[in-house]
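Asker: One structure, as C-alpha cells, below. Some questions next.
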Amino acid sequence: MTRQMVDTMVLIQAVKQAVPNEPNNLTAFRQDCKSLLLGMETIGISTITYTEFMPHLRDEERREYRELLQKLEQFDFGPPAAQIASELIRKHLQKLGVCRKCWNTRTSMPCKTCGAKVSRPVRLNDFYIAATAASVAEIEVLYTYDFLYLADDLEGRVDLRKPPNSSGPLFDDEGNELPDNVLVLRKGAAED
C-alpha cells in the first residue's frame, strides 16, 4: 500500500525539460524530483493533483513518462477530506484576519489591474491536496514545496516534507539571505 503522496509541483518538476541557460541547481532540483518518483513503487497523488497535472502533459511527454504515469495511485477528495480541508481553510483564514462579514483581510492590497482592494488569494487546491493526504490513514508523508505552512495544522495526521534536494537549498522559505540562485518560496512557511 502507498504510504507517500506527492503534490502537483513535484510531478511537474519531475517531467519538465531543462531549458537553455537554466541554473544548475534548478536542473538538479528537477532530477531530484524525478529520482524521488522513480524510487517509489507507487506514487500516491490526490485526484486534485491528477486534474492539475495531466492536462499539461504533451503527447510526447505521456509516451516518455508512460512507466512513471502507470505508477500513479489516485486518492479521492471525498467527504472526510472535505471536512479536513474546511477546517484547514477556516484556520488559515483566521490567521490571515479575514472578516466574517465582508471576507476581506487586514492585508488587503490593490488589484494590479483596477486598483480595487482585494484579499490575498487562498489557493484552495493546496488545501484539498493536503486534506486528501490527511484523510487517508495509510499516507504518512506528503512531499510538497507549495504548502508547508500547513504543517502545524496537519501535525499528527500527515507529515509534510520537501523532497530531498542533493544540490542544497533551491527554495528559501524563511527569508534568509542566500545566493541569487535560491528562489524564495514563501516567507514564514514551516520547515521540515
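The values are calculated or read from the model by the stated rules, or taken from the named source; none is laboratory data. Predicted model only: the values in this text are computed from it and were never measured. Cβ atoms come from the backbone with ideal geometry, glycine included; neighbour counts cover every protein chain shown.
Asker: Restricting attention to segment 22-70, and to residues there that are polar (S, T, N, Q) and within 20 Å of residue 165 (Cα to Cα), which single residue is farthest from the chain's Cα centre (by Cα)?
Answerer: Filtering first and then ranking leaves 24.
Asker: Among the helices (runs of 4 or more DSSP H) lying completely within segment 1-78, list those that include at least 1 residues that are surrounded by 13 or more Cβ atoms within 10 Å (Cβ to Cβ) and polar (S, T, N, Q).
Answerer: Here the list reads 8-15, 24-38, 47-53.
Asker: Taking the stated definitions as given, is residue 139 surrounded by 11 or more Cβ atoms within 10 Å (Cβ to Cβ), in a loop (DSSP other than H, G, I, E, B) and modelled with pLDDT of 85 or more?
Answerer: Criteria met by residue 139.
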